[in-house]
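K.L.:
Pasting in a structure now, in C-alpha cells, and then I'll have a few things to ask.
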Amino acid sequence: MNKDGTNVQLVSTGRGRVTCGYFTPDGQRIIYASTHLGSPDCPPVADRSEGYVWAIYPSFDIFSAKTDGTDLKRLTNTNGYDAEGTVSPDGKKILFTSARDWRP
C-alpha cells in the first residue's frame, strides 16, 4: 500500500489465518505466519471468556514473499506453532516463537 492508502495489495495467500508480518531490512520481502497449509479456513477464535488469549495454532508456519505477494517460500516445516517472526538487522537470521515438542 502506498503511504496515502492507495494501491492496496494482498501479500498473503488470502487463506487461513495470517499474523505477524515483518519487512526484511532491504524492503524487498515480507515474512509472516500463516495457517493456510493446514486449512483454507481460519481456525476457530480463541476462548476469551476469562480475558485476552493469544491463540497458539499448531498449523502456523512462517513464510516469506516479495512485497507484491509473489515468490512465496515456506521457511518453517515442523509440526507445532511457528509464528511471531522478526528479521535480524543484517537480514541473515530470523527469530521466531515456536511451541514444538522437544525430545532429547
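The values are calculated or read from the model by the stated rules, or taken from the named source; none is laboratory data. Predicted model only: the values in this text are computed from it and were never measured. Heads up, the Cβs are rebuilt from the backbone with ideal geometry, glycines too, and the neighbour counts pull from every protein chain shown. Quick note on the areas: whole protein, heavy atoms, side chains included, nothing else; ligands and nucleic acids left out. Shrake-Rupley method; radii C 1.70, N 1.55, O 1.52, S 1.80 Å.
K.L.:
Determine the pairs where a residue that is within 15 Å of Leu95 (Cβ to Cβ), located within the stretch 6-34, has a partner that is of a type in the set (Phe, Trp, Tyr) and open to solvent by 70 Å² or more (accessible area, probe 1.4 Å) with Cβ atoms under 6 Å apart, the partner being 6 or more residues away or on another chain.
P.N.:
Sorted first by the residue in the stretch 6-34, then by its partner, the pairs are Ile31/Tyr22.
K.L.:
So, one more: Residues that are surrounded by 15 or more Cβ atoms within 10 Å (Cβ to Cβ), farther than 18 Å from Phe96 by Cα and either of a type in the set (A, V, I, L, M, F, W, C) or touching a residue at least 40 places away in the same chain (Cβ under 8 Å) (or both): does the stretch 42-63 have at least one?
P.N.:
No, because not a single residue in the stretch 42-63 is surrounded by 15 or more Cβ atoms within 10 Å (Cβ to Cβ), farther than 18 Å from Phe96 by Cα and either of a type in the set (A, V, I, L, M, F, W, C) or touching a residue at least 40 places away in the same chain (Cβ under 8 Å) (or both).
K.L.:
Could you say whether any residue in the stretch 84-104 is out of contact with any helix residue (DSSP H, G or I) (no Cβ under 9 Å at 6 or more places or on another chain), open to solvent by less than 30 Å² (accessible area, probe 1.4 Å) and acidic (Asp, Glu)?
P.N.:
no
K.L.:
Now for a different question. From Leu37, Leu75, which residue is in contact with a Ser or Thr (Cβ under 6 Å, 6 or more places away or on another chain) and surrounded by 10 or more Cβ atoms within 10 Å (Cβ to Cβ)? It would help to see each step written out before you state the result.
P.N.:
Details: Leu37 fails: in contact with a Ser or Thr (Cβ under 6 Å, 6 or more places away or on another chain).
Of Leu37, Leu75, the one residue that is in contact with a Ser or Thr (Cβ under 6 Å, 6 or more places away or on another chain) and surrounded by 10 or more Cβ atoms within 10 Å (Cβ to Cβ) is Leu75.
K.L.:
Can you tell me how many residues in the stretch 55-77 are closer than 21 Å to Ile30 by Cβ and in a loop (DSSP other than H, G, I, E, B)?
P.N.:
12
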